[in-house]
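Heads up: the structure comes next, in structure tokens.
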Amino acid sequence: MIAITRPVGKGSDTAELVRSLGWTPLIFHTVELKPLDDQKIIDQIRSSLTQGQIDWIVFMSSTGVKLLFDVLASYPNLPRIPSETRFLAVGPRTRESLLHYGINQTTVPAKYSSAGLDEWFSQLNRKNPRIVLIRSLSADASLANSLRAKGATVTTVNIYDSAMPTDLQSVFDFLDGLRLGQFAAVLFTSAISVSNFFTIAETKFEGTGLIHRLNRILVG
């Protein structure tokens, strides 16, 4: 059995993929994506879209795609995305979300991660691009800082927060299975999923018991 972290409400496609590979999945939720207040999003969008030409808008998740375009649709007086702006998605599912909103030309890096996005921009011939990152409030600044170090002008739009989930039962199910030796591997799909997991697990394990059990399986 393989355990995989996904945000609350997500993971069915991941489970289907794991089953197609011959494994039994357990999807457990250590993150709940919560939209920020509309006014906070509006202020950031207005600021980012009125500072001149935007070369690239980078989406770090499908959630960011939905929230941005839903806010733009709900508030028609907001500035529009310039027609010459290009779009970069962190992975295929995020690209599919953009397609749903009529964005047909979207680039996806070879590696579906912040590191992959950073590497992609490293190979870009254009000097000093202006980039807008659509991301979680909880995301660290490593990608933005790296892009700035390469000469880019970077604006971040924090459109949702990656919070601790309200319902912890799926995490407890994983911890129970871990105790019983039911898992061959566990995959953490973001840094915040790891941090939240250990915070939750502290209520169930004492001392080094958790690390000892994780060391018995493959952790990715």
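The values are calculated or read from the model by the stated rules, or taken from the named source; none is laboratory data. For clarity, every value in this text was computed on a predicted model and none was experimentally measured. Note: ideal-geometry Cβ built from the backbone for every residue, glycine included; neighbour counts use all protein chains shown.
Check the stretch 54-62 and report whether any residue there is more than 18 Å from TYR160 (Cβ to Cβ), hydrophobic (A, V, I, L, M, F, W, C) and either surrounded by 18 or more Cβ atoms within 10 Å (Cβ to Cβ) or at pLDDT 95 or above (or both).
First, the residues of the stretch 54-62 that are more than 18 Å from TYR160 (Cβ to Cβ): 54-56.
Still in the running and hydrophobic (A, V, I, L, M, F, W, C): 54, 56.
Pick out the ones that are also either surrounded by 18 or more Cβ atoms within 10 Å (Cβ to Cβ) or at pLDDT 95 or above (or both) and you get 54, 56.
Yes, the conditions are met somewhere in the stretch 54-62.
State whether one or more residues within the stretch 79-86 are of a type in the set (Asp, Glu) and over 18 Å from the mean Cα position of the chain (by Cα). Even if it seems obvious, please write down each step before you answer.
Keep residues of the stretch 79-86 that are of a type in the set (Asp, Glu), which gives 84.
This time we only want the ones that are over 18 Å from the mean Cα position of the chain (by Cα), so: 84.
Within the stretch 79-86, one or more residues are of a type in the set (Asp, Glu) and over 18 Å from the mean Cα position of the chain (by Cα).
Say whether the condition of being exposed (fewer than 14 other Cβ atoms within 10 Å of the Cβ) and of a type in the set (Asp, Glu) is met by at least one residue in the stretch 38-47.
Yes, because at least one residue in the stretch 38-47 is exposed (fewer than 14 other Cβ atoms within 10 Å of the Cβ) and of a type in the set (Asp, Glu).
Taking the condition of being among the small types (Gly, Ala, Ser) and not in a helix (DSSP H, G or I), how many residues in the stretch 177-204 meet it?
Narrowing the stretch 177-204 to residues among the small types (Gly, Ala, Ser): 177, 181, 184-185, 190-191, 193, 195, 201.
Add one more test, that the residue is not in a helix (DSSP H, G or I), and what stays is 181, 184-185, 190.
Number satisfying all stated conditions: 4.
Go through the stretch 1-78 and tell me which strands (runs of 3 or more DSSP E), entirely inside it, have 1 or more residues that are more than 16 Å from the chain's Cα centre (by Cα).
Numbers: elements: 2-5, 25-28, 32-35, 56-59.
Of the strands (runs of 3 or more DSSP E) lying wholly inside the stretch 1-78, those with at least 1 residues that are more than 16 Å from the chain's Cα centre (by Cα) span 2-5, 25-28, 56-59.
When you scan the stretch 166-176, do you find a residue that is in a loop (DSSP other than H, G, I, E, B) and not aliphatic (A, V, I, L, M), even just one? Talk me through it step by step, then tell me what you get.
Here is the first cut: in the stretch 166-176, the ones in a loop (DSSP other than H, G, I, E, B) are 166-168.
Narrowing the set further to residues that are not aliphatic (A, V, I, L, M) leaves 166-167.
There is at least one residue in the stretch 166-176 that is in a loop (DSSP other than H, G, I, E, B) and not aliphatic (A, V, I, L, M).
Here is a check on your reading of the model: is LEU98 modelled with pLDDT of 95 or more and either among the acidic types (Asp, Glu) or more than 26 Å from LEU168 (Cβ to Cβ) (or both)? Step through it out loud before you land on a result.
Details: modelled with pLDDT of 95 or more: yes; either among the acidic types (Asp, Glu) or more than 26 Å from LEU168 (Cβ to Cβ) (or both): yes.
Yes, satisfied.
Output the residue which, of all residues in the stretch 89-126 that are in a strand (DSSP E or B) and in contact with a helix residue (DSSP H, G or I) (Cβ under 7 Å, 6 or more places away or on another chain), is farthest from SER146 (Cα to Cα). Break it down stepwise before answering.
Filtering the stretch 89-126 for residues in a strand (DSSP E or B) gives 89, 106-107.
Okay, now just the ones that are also in contact with a helix residue (DSSP H, G or I) (Cβ under 7 Å, 6 or more places away or on another chain), so 89, 106.
Values: ALA89: 18, THR106: 22 Å.
Within the stretch 89-126, the match that is farthest from SER146 (Cα to Cα) is THR106.
Is it the case that some residue within the stretch 205-212 is among the β-branched types (Val, Ile, Thr), within 16 Å of PHE28 (Cβ to Cβ) and part of a loop (DSSP other than H, G, I, E, B)? Break it down into steps so the answer makes sense when it comes.
Just the residues of the stretch 205-212 that are among the β-branched types (Val, Ile, Thr), to begin with: 208, 211.
Next, from what is left, pick out any that are within 16 Å of PHE28 (Cβ to Cβ): none.
No, every residue in the stretch 205-212 fails to be among the β-branched types (Val, Ile, Thr), within 16 Å of PHE28 (Cβ to Cβ) and part of a loop (DSSP other than H, G, I, E, B).
Please enumerate the residues belonging to the stretch 73-113 that are touching a strand residue (DSSP E or B) at 6+ places or on another chain (Cβ under 9 Å), more than 21 Å from GLN51 (Cβ to Cβ) and touching a residue at least 24 places away in the same chain (Cβ under 8 Å).
Result: ALA89, VAL90, THR94, GLU96, SER97, LEU98.
Just the residues that are of a type in the set (Asp, Glu) and surrounded by fewer than 14 Cβ atoms within 10 Å (Cβ to Cβ), please, taken from the stretch 70-106. Reasoning before the result, please.
Step one: list which residues in the stretch 70-106 are of a type in the set (Asp, Glu), which gives 70, 84, 96.
Residues satisfying the conditions are GLU84, GLU96.
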